[in-house]
Amino acid sequence: MEDIRKQKQELRKQLRSAMKNLTVEDIEIQSKSVWEKVFKLPIYQNAKSVGLFLSMPMGEINTDLILQHCVQNGKDIYVPEVGKNFELCDMELRKVILDESNSDNGMFHKSWPKNKWNIPEPPDSMPTDTAKPGDIDLMIVPGLGFDRSCNRLGQGKGYYDRFIAKMTKDGQDLPLVAVALKPQLLVDGSQKIPVAEYDRKMDMLILPDESIE
Ligand SMILES: Nc1nc2c(c(=O)[nH]1)N(C=O)[C@@H](CNc1ccc(C(=O)N[C@@H](CCC(=O)O)C(=O)O)cc1)CN2
Ligand SMILES: Nc1ncnc2c1ncn2[C@@H]1O[C@H](COP(=O)(O)OP(=O)(O)OP(=O)(O)O)[C@@H](O)[C@H]1O
């Protein structure tokens, strides 16, 4: 158990440094390829509500294109809000409710306040509608690293593990589609994501030039 934590920590270091080598252009081009694949998925096309995330400034896939796509296609968008108590690593997903003045594009978050990781979060002025089990048709999941068996390594706080557990505890389904840039897939066959008992496999992993199920 302690072993798994150490292995995860080591792998995070490796993956964070690999992601640092990506330029802004790399991230832009690879992100576009990933989203074009996602837009073609029936599970995305049929989803009325999508759990998304608002990308960090660097070292992560950029989510602007899918935010725009969801807004333009009339899908409900839910985005993370982490609890004020950072020790608890509790996260909710809140429905994005926009007023008419800025509802025509996916850039609504540009003016939102940022949390300690520079991730935009819903402002207090937005009406609160928090996702309950069954509210989200498709969850798009970020991560630091993945392997070919759809195992995921996150940022290390367990926010997504806990959230997924909370949303599925009464047997509710929550389809999980992970998205990642090229350096985030472990390609060396001998390298695997260490898995603990609470880690849930992704249903699908979308990369710039391949999809894994
Ligand atoms: N865009 C985005 N939003 C998200 C997540 C995410 O992965 N991506 N999260 C997914 O969980 C949650 C936020 N969790 C995060 C947890 C840690 C760090 C982070 O950068 N942590 C340390 C790394 C240092 C270390 O421990 O080695 C840092 O502060 O630099 C970032 C996000 C909710 N929102
Ligand atoms: N469902 C859960 N209930 C309670 N604690 C959990 C749960 N899932 C994970 N944890 C705890 O969260 C901590 C971080 O877990 P882990 O290292 O797997 O995070 P991660 O999946 O990489 O991060 P994240 O989900 O935030 O992207 C661990 O100490 C773990 O025990």
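Tabulated data
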read-out: Relative contact order (%) - the range 78-150, alpha-carbon pairs under 8 angstrom, separation at least six; value: 28
read-out: Mean separation of Cα contacts under 8 Å (6+ apart) over length of the range 2-212, as relative contact order %; value: 24
read-out: Whole-angstrom gap from the range 1-57 to the range 92-153, using each part's C-alpha centre; value: 14
read-out: Most fluctuating residue given options GLN184, GLN68, GLN45, as computed from a GNM of the chain linking Cα atoms under 10 Å; value: GLN45
read-out: The chain, helix-only ellipticity at 222 nm - DSSP H runs n ≥ 4, -39,500 (n - 2.57), divided by all residues, nearest 500; value: -8500 deg cm²/dmol
read-out: For the chain, share of DSSP beta bridges that run antiparallel, in % to the nearest 5; value: 50
read-out: 0 to 90° range, to nearest 10: angle between helix 159-168 axis and the chain longest Cα axis; value: 70
read-out: Per residue accessible area in Å² of the chain, where ligands, DNA and RNA are left out and the probe is 1.4 Å; value: 52
read-out: Cα-only Debye scattering, the range 2-212: base-10 log of I(q)/I(0) at q = 0.09, 0.11, 0.16, 0.18 Å⁻¹; value: -0.33, -0.50, -1.15, -1.51
read-out: Residues with amide H under 5 Å from that of SER49, placed H, sequence gap 5 or more; value: ASP76, ASP137, LEU138
read-out: In the range 158-213, chymotrypsin sites (Phe, Trp or Tyr not before Pro) in a DSSP loop with at most 16 other beta-carbon atoms within 10 Å; value: TYR198
read-out: Surface share of carbon and sulfur [accessible, 1.4 angstrom probe, percent] for the range 57-116; value: 47
read-out: ³J(HN,Hα) computed for each position of the range 59-64 - Karplus, 6.51 cos²θ - 1.76 cosθ + 1.60, integer Hz, glycine/proline x; value: x, 7, 4, 8, 9, 4
read-out: Computed magnitude of the charge dipole of the range 1-149 (debye, nearest 20; Cβ of K, R +1, Cβ of D, E -1); value: 500
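The values are calculated or read from the model by the stated rules, or taken from the named source; none is laboratory data. Computed from a predicted model, the values in this text were never measured in an experiment. Note: ideal-geometry Cβ built from the backbone for every residue, glycine included; neighbour counts use all protein chains shown. Side chains are part of the model used for accessible areas, which takes the heavy atoms of the whole protein and leaves out ligands, DNA and RNA. Shrake-Rupley method; radii C 1.70, N 1.55, O 1.52, S 1.80 Å.
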